[in-house]
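Nothing in this text is a laboratory measurement; each read-out follows from the coordinates by a stated rule. Values in this document were obtained by computation on a predicted structure and should not be read as measured data. Counting neighbours? That spans all protein chains shown, and the Cβs are built from the backbone with ideal geometry, glycine included.
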Amino acid sequence: MTKIQELQRISTQVRRDIIRMVTNAKSGHPGGSMSSADFLTALYFGVMKHNPAEWTREGKGQDVFILSAGHLTPVYYSILSRAGYFPVSELSTFRIFGTRLQGHPCVETGLPGIFQASGSLGQGLSAAAGIALGKKLDKETENVYVMLGDGECEEGQVWEAAMFATHQKIDNLIAMIDWNGQQIDGHVDNVAGLGDLEAKWQAFGWTTVTADGHDFEAILGAYAQAKELSGKGKPVMILFKSDMGHGVDFMAGTNEWHGKPTSAEQCEKALAQLEETLGDF
């Protein structure tokens with residue numbers, strides 16, 4: 001089995017997990033979780049330097065990942081569990097009262113793999129920039145990764161953090177955007193259009209890489225390019241062109257499933273399109 005085939009098998013199972021989690025909980029955000037499943041799978045299983053057995057919130061000696069788009073916990077928890085941070089069976093407790101798998105990442109519950117609580121959109125890039133700057137001051141060589149949504153880039157704090165990272169030459173920071181063109185109120189262009197997103201980040205002093213967020217060869221190539229560009233005085237932004245709800249035909253390409261769970265019947269239809277590759281929780 002090739003590396004790309006392995007990643008495809010994992011991401012397919014991750015999508016099954018997402019559907020089953022939000023269906024069981026009768027709440028959650030499947031749309032963006034589905035659109036980001038491929039490049040986040042590649043990050044954890046093919047790119048990042050990390051070891052679940054040695055994980056601490058300090059992140060010493062390991063790469064760090066921050067989920068700025070904190071509502072996308074279905075994909076986040078699935079990947080963390082499949083990577084070995086906590087038992088896969090715990091996915092069945094998603095959004096249940098008292099669970100460690102809350103609707104947005106929470107550090108108080110002590111869930112391994114969670115470096116930063118997130119949920120109020122626009123804050124994660126600031127946190128990631130601070131963590132990355134701390135690593136540079138401590139002479140660490142590892143990178144800090146952070147994922148934002150494109151709708152999230154309407155938040156002003158994102159651009160404050162962008163300026164800060166450039167000014168401080170935080171070149172161990174690799175950010176990525178799930179560029180699916182959708183947000184809760186509709187198409188991003190109809191809510192508060194971002195214009196040429198690549199040119200905008202370049203204007204803020206970032207080096208940019210653009211790739212197909214559902215093509216594993218392109219995804220791995222983008223990460224490799226970003227790592228090659230890091231350490232050269234500028235933060236790096238990867239723009240992953242993606243499709244909200246990708247992987248299930250009736251969920252793809254619409255904002256309808258931003259924060260809407262599938263019913264039992266819809267779950268059955270969705271799972272019929274997603275092969276069980278690693279075993280369901």
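Observations on the model:
- Residues in the stretch 95-104 carry Karplus couplings, in order, of 6, 8, 3, x, 6, 7, 9, 6, x, 10 Hz; the curve used is 6.51 cos²θ - 1.76 cosθ + 1.60 with θ = phi - 60°, and Gly or Pro positions show x.
- Read-out Rg and Dmax of the Cα atoms in Å, derived from the coordinates shown; its label in (1) 19.6, 78; (2) 19.2, 59; (3) 17.4, 53: (3)
- In order along the stretch 2-8, phi translates into HN-Hα couplings of 6, 4, 5, 5, 4, 5, 5 Hz, rounded to whole numbers, per the Karplus curve 6.51 cos²θ - 1.76 cosθ + 1.60 with θ = phi - 60° and x for Gly and Pro.
- Net charge of Cβ neighbours under 13 Å - reference Q123; Lys, Arg +1; Asp, Glu -1: -3
- Likely footprinting exposure, I18, I4, I96, I219, fewest C-beta neighbours within 10 Å first: I96, I4, I219, I18
- The amide H of T210, built 1.01 Å from its N in the peptide plane, has L239 as neighbours under 5 Å, considering only residues 5 or more places off or on other chains.
- Those trypsin sites (Lys or Arg not before Pro) in the stretch 135-200 that DSSP places in a loop and that have at most 16 other beta carbons within 10 Å: K139, K169
- Less than 5 angstrom separates the built amide H of A117 from those of V107, all sequence-distant by 5 or more or on a different chain.
- GNM on the chain, alpha-carbon springs under 10 angstrom: the most fluctuating residue among V14, V209, V236 is V209.
- Taking 24 Å as the straight-line reach from the Cα of K169, the lysines in range (excluding those fewer than 8 positions away in the same chain) are K49, K60, K135, K136, K139, K200, K227, K232, K234.
- Since only V209, L239, N172 are under comparison, the one whose Cα sits farthest along the positive direction of the charge dipole of the stretch 102-245, derived from C-beta charges on Lys, Arg, Asp and Glu, is N172.
- Counting neighbouring beta carbons within 10 Å and listing from fewest to most, the residues F94, F204 come out as F204, F94.
- Dipole check for the chain: with +1 at the C-beta of Lys and Arg, -1 at the C-beta of Asp and Glu, and the Cα centre as origin, the magnitude is about 700 Debye.
- For the stretch 20-99, GluC sites (Glu not before Pro) are listed when DSSP marks them as loop and at most 14 other Cβ atoms sit within 10 Å of their Cβ; the list is E58.
- Distance between the stretch 1-45 and the stretch 241-281 - C-alpha centres, whole angstrom: 10 Å
- Expressed to the nearest 5 percent, the antiparallel share of DSSP beta bridges inside the chain is 10 percent.
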